[in-house]
Amino acid sequence: MKILVVDDEEDVRSLFEQKFRREIRSGQLEFSFTYSGEEALAFLHDHPSEVVMILSDINMPGMSGIELLKSIRKEHPAAPPMVMMITAYGDRENHDQAIHLGADDFLTKPVNFTELKEKLLNNL
């Protein structure tokens, strides 16, 4: 399964590569990384049918994860891609807005990688 991770913190890449080392090596999961909503849209445009899951931070400079979600759902009203929102703020407003706009799931930071791995592998 090809997963696009969208987060303005660049250390997220090494964290995901470390936590999912076994799944990446076996070919179960393949990750791509972009560091802004704008970069994510460009990536999706260039790889239209490859990405089946998007993990997006909500709070990013420029285009927020919520704005990215709106754009994705305008072009892809039904999954795939599935969209999982990630935020440091587990507040009700962000959660409700993300779900209302078509997010498939919602996680809070720090990410529980055991829970995330389970969710990703259950969607294979």
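Just so you know, all these numbers are worked out from the coordinates, no wet-lab data involved. Owing to the predicted nature of the structure, the values given are computational and were not obtained by experimental measurement. With ideal geometry, Cβ positions are generated from the backbone for all residues, glycine too; neighbour counts draw on all protein chains shown.
Across region 40-51, the qualifying residues are those that are surrounded by fewer than 18 Cβ atoms within 10 Å (Cβ to Cβ) and out of contact with any strand residue (DSSP E or B) (no Cβ under 6 Å at 6 or more places or on another chain), and the one among them that is farthest from residue 8 (Cα to Cα) is 49.
Within the option set 101, 124, 120, being within 27 Å of residue 22 (Cβ to Cβ) and either touching a helix residue (DSSP H, G or I) at 6+ places or on another chain (Cβ under 9 Å) or β-branched (Val, Ile, Thr) (or both) holds for one residue only, 120. Of all the criteria given as (1) outside any helix (DSSP H, G or I); (2) more than 18 Å from residue 123 (Cβ to Cβ); (3) among the charged types (D, E, K, R), the one not satisfied by residue 13 is (1).
Take the conditions farther than 12 Å from residue 3 by Cβ and buried (at least 21 other Cβ atoms within 10 Å of the Cβ) and apply them to residue 37. Does it pass? The answer is yes for residue 37.
Determine if region 17-28 includes at least one residue that is in contact (Cβ under 8 Å) with a residue 12 or more places away in the chain, part of a loop (DSSP other than H, G, I, E, B) and at negative phi. Talk me through it step by step, then tell me what you get.
Quick first cut of region 17-28, residues in contact (Cβ under 8 Å) with a residue 12 or more places away in the chain only: 17, 19-20, 23, 28.
Cutting the leftovers down to part of a loop (DSSP other than H, G, I, E, B) gives us 20, 28.
From what's left, at negative phi: 20, 28.
So far as region 17-28 goes, yes, one or more of its residues are in contact (Cβ under 8 Å) with a residue 12 or more places away in the chain, part of a loop (DSSP other than H, G, I, E, B) and at negative phi.
Please enumerate the residues belonging to region 52-71 that are more than 21 Å from residue 9 (Cα to Cα) and aliphatic (A, V, I, L, M).
Of all residues in region 52-71, those more than 21 Å from residue 9 (Cα to Cα) come to 52, 70-71.
Answer for region 52-71, where residues must be more than 21 Å from residue 9 (Cα to Cα) and aliphatic (A, V, I, L, M): just 52.
Reported count of residues in region 75-124, each being part of a helix (DSSP H, G or I) and hydroxyl-bearing (Ser, Thr, Tyr), is 1. Which one of the conditions (1) of a type in the set (Ser, Thr, Tyr); (2) under 24 Å from residue 99 (Cβ atoms); (3) assigned to a helix (DSSP H, G or I) does residue 56 fail to meet, given that it meets all the rest? So the condition that residue 56 fails would be (3).
The listed residues are 72, 66, and the only one of them that is surrounded by 15 or more Cβ atoms within 10 Å (Cβ to Cβ), assigned to a helix (DSSP H, G or I) and in contact with a Pro (Cβ under 9 Å, 6 or more places away or on another chain) turns out to be 72.
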